Structure formats: structure tokens, C-alpha cells
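Bear in mind that the values in this text are calculations on the coordinates, not laboratory data. Please read these numbers as outputs of a predicted model, since none were measured by experiment. Here the Cβ positions follow ideal geometry from the backbone for every residue, glycine too, while neighbour counts run over all protein chains shown.
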Amino acid sequence: MFGPARAGELVAKAPERATKPIRQVNMTAPMMPRNGDTQPRPKIYAGQLWAGGVATAIVAALVAVVGILVCRWLFGIPILAPRQDGAYGNVATTGLALAAAAAALAATAIAHLLLLSTPRPLTFFSWIVGLATVVVVLFPFSTSAPLSEKVATAAVDLVIGLAIGSLLNGVGARSIRTRRTGGAYPAVPSRGDWQETGSGAYPRRPL
């Protein structure tokens, strides 16, 4: 059926076709879950959260004391106590420091509850702390104290609220870890691990 020349040509081309190198192509494959629920679920590290809350309480108490010292000693505004009580004042200064520490611990408990129960906990926490700070800042203006003492007390309360809110926001963000439950993703070949032949592309076999 074939002449001698045609048969010789086919025999000569057969080895050349067999030794033709396989061309590699780069492809991407969708990562699909294999089994079960694979939605990321956050894990809350309560120890780290409350350690940060205690540290925030100490900072808030110190902010209260420093704020009162600055107002009474540096600016000469006798807030929370008469002028003759000196730069520190009286027991009211200690009371404000303890109240600031208690507020920081209460804010930590609220942050912990929000982290466990709400979809965007730090957003809700920022709103709660912000609104509570506004209430505390406005409260001195409802008293009969001189205007300078009202402004100074409101300024100290504002700094305390900002310190608690900013510090606990950072602590809350560091206390969240995302973990994946259920099935795992299948192994997907990396770039360059796909080969193409005349029948299509497939993962390259390991050597």
C-alpha cells in the first residue's frame, strides 16, 4: 500500500515525534473544600485579653493621677479637692484613680463578651467606649463648680476614656486568632507543576 520511500519517511519521523519534549504550562486550579465546614472561626485568647486589661487598668489609674497633678500643680486649678490640700488633693484623687482602673476592667469584660458573641466586636466596643466617654466628659458641666474646674475635670476624663478605648482595641485585636474547622483543602500543585501533552494538561508526576 505504501511505497518504499513513504515507509522509510514514516520510520524516520517516528523517533523524532517520540522524543519531542513535553511543554510545561503554568495553570491555576480553584481551591475547593474537601469535606465538612471550612469557614474560619475566631478563637479568643482570654488570658492575653485579661492581661492586657489589667495593664490598661494600671495605665488608666496613672493617667487619672497625672491629670490631677497637672491641673492642680501646673495650672493651679483645684479639681476634686480644695486648693489647700496640695498638688495631690485628698482621697478624691485616689477615688478617681480607682474608678478609672475599675472602668478599664469593666471595659475588658465588655470586650470579652463582644468578642464571643458579635460579628464585628471591636466596632461595637469602640462605640460603647466612645459613648460612655462622652457621658463622663459631659457630667462635670452639670455641677455647680467653676467653669475652669469643669473644663479641667472633663479633660482628664476624656484622656482616661481615650486611653482605655485605644489600648483595649489593640489588645482585643491581638487576642483574636482565626482557625479553620472541618475538612481541609486538598493539595494543589504549585506554578510550573503542570504539564501539557497532546491529550491535555495534568499534574506532573514526581521524579
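Here are the numbers:
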{"quantity": "Added length on full extension, which subtracts the Cα-Cα distance from 0.36 nm per residue, Leu147 to Leu62", "calculated": "28.1 nm"}
{"quantity": "Projected area averaged over orientations for segment 40-180, convex hull of C-alpha atoms, nm²", "calculated": "8.3"}
{"quantity": "Relative contact order (%) - criterion: Cα under 8 Å, at least six apart; region: segment 40-180", "calculated": "39"}
{"quantity": "Separation in nanometres of the label points that stand 7 Å from Cα toward Cβ, at Asp85 and Leu158", "calculated": "2.4"}
{"quantity": "Extension gain from Ala109 to Trp73, taking 0.36 nm per residue of separation minus the Cα-Cα distance", "calculated": "9.5 nm"}
